[in-house]
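S.K.: Sending over a structure as structure tokens; questions will come in a sec.
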Amino acid sequence: MPRSPAWTHDELLLACALVVENGWNELREGDLRVVDLSDLLRSLPIHEGAARTIPKFRSIGSVSRKTSDLASNHPAYVGTPTKGGRLDREVISAFIARPAEMLLAAATLRQGIGTGELYTIPQDPDELDDEGNSAIEGRLLTRWALYRERDRALRARKIAQATKLGQPLQCEACDFDFGSIYGDLGAGYIEVHHRLPLHVSGLRETKLDDLAFLCANCHRMCHRSRAGESWRTPSALRAELVKSTS
């Protein structure tokens, strides 16, 4: 009998949100919220085929036990904690440090699942960093954000707007201009990045003012996850550049 795969950041994000909303207490098997989360996790486009081939995959019992791991590994828990993993502790720490942001990320993930849009977006190698970690928002929201940013029609509209207004097509973080460096080959080329993460902006139509111009390197750095943070704005990345060269 194959074993259930390890819990991912996305799954822990949803489970820990329930624990937080329950006053950092575990949820029992009879709780309808556990039943609902079990059904939801079995449907996620993460563990291909696991729900069909592993009968106990994200079962009601396993979801309840995971809420126990998350609740009992909170630093303020009184008693003997269950055996939680490293990723469990990272997600717990993130919820303690940024509860509103993390709850918003979980809610946005649920919305994306509810609309069905997340099931239609193909996997993207850039949704993970070089160490195989997803951003603090989770792999699926990162995948969704990248997919939106690669909308060619939206990018073309943003470039057309800048051209009409006489604005340079240069990186807002490092001032790199593809046309200046590569000549005709780079003329008119630039990448776009959402100024706010998906879970902050919400599920709304992207406005051109929501987008920033970035070179490929800075775009990657804006999305790159690092312990306790992710999704840098161009201005925040520019500050990092100034600090690193001062």
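S.K.: What are the residues in the range 48-74 that are modelled with pLDDT under 95, of a type outside the set (Asp, Glu) and open to solvent by 40 Å² or more (accessible area, probe 1.4 Å), if any?
M.R.: Scanning the range 48-74 gives Arg52, Thr53, Pro55, Lys56.
S.K.: Can you tell me how many residues within the range 83-98 are under 20 Å from Arg65 (Cβ atoms) and open to solvent by 70 Å² or more (accessible area, probe 1.4 Å)?
M.R.: 4
S.K.: Can you pull out the residues in the range 23-45 that are open to solvent by less than 30 Å² (accessible area, probe 1.4 Å) and either closer than 12 Å to Phe57 by Cβ or basic (Lys, Arg) (or both)?
M.R.: Answer for the range 23-45, where residues must be open to solvent by less than 30 Å² (accessible area, probe 1.4 Å) and either closer than 12 Å to Phe57 by Cβ or basic (Lys, Arg) (or both): Ser38, Leu41, Leu44.
S.K.: List the helices (runs of 4 or more DSSP H) inside the range 1-53, counting only whole elements, that have at least 3 residues being under 30 Å from Val78 (Cβ atoms) and out of contact with any Asp or Glu (no Cβ under 6 Å at 6 or more places or on another chain).
M.R.: Once the helices (runs of 4 or more DSSP H) in the range 1-53 are filtered for at least 3 residues that are under 30 Å from Val78 (Cβ atoms) and out of contact with any Asp or Glu (no Cβ under 6 Å at 6 or more places or on another chain), what remains is 9-21, 32-43.
S.K.: I've got another one for you. Within the range 138-211, which helices (runs of 4 or more DSSP H) (wholly inside it) include 1 or more residues that are of a type in the set (Val, Ile, Thr) and open to solvent by less than 60 Å² (accessible area, probe 1.4 Å)?
M.R.: Correct list: 139-149, 152-164.
S.K.: While we're on this one: Which is in contact with a helix residue (DSSP H, G or I) (Cβ under 9 Å, 6 or more places away or on another chain), under 29 Å from Ile181 (Cα atoms) and at pLDDT 90 or above, of Cys218, Cys222?
M.R.: The match here is Cys218.
S.K.: A follow-up question, please. Go through (1) in contact (Cβ under 8 Å) with a residue 24 or more places away in the chain; (2) among the acidic types (Asp, Glu); (3) over 22 Å from Ala94 (Cα atoms) and name the single condition Asp36 misses.
M.R.: That leaves (1) as the condition not met.
S.K.: Follow-up. Answer with yes or no whether Tyr119 is more than 30 Å from Cys218 (Cβ to Cβ), open to solvent by 50 Å² or more (accessible area, probe 1.4 Å) and within 21 Å of the chain's Cα centre (by Cα).
M.R.: In short, yes.
S.K.: Going by what's in this entry, would Glu101 be described as within 24 Å of Arg238 (Cα to Cα), open to solvent by 30 Å² or more (accessible area, probe 1.4 Å) and either modelled with pLDDT under 95 or not in a loop (DSSP other than H, G, I, E, B) (or both)?
M.R.: yes
S.K.: Can you pull out the residues in the range 54-76 that are hydrophobic (A, V, I, L, M, F, W, C) and not in a helix (DSSP H, G or I)?
M.R.: Within the range 54-76, Ile54, Phe57, Ala76 meet the criteria.
The values are calculated or read from the model by the stated rules, or taken from the named source; none is laboratory data. On a predicted model such as this, the values are computed, not experimentally measured, just so you know. As a convention, Cβ positions derive from the backbone with ideal geometry for all residues, glycine included, and neighbour counts pool all protein chains shown. Just the protein is used for accessible areas: all its heavy atoms, side chains included, with ligands, DNA and RNA removed. Shrake-Rupley method; radii C 1.70, N 1.55, O 1.52, S 1.80 Å.
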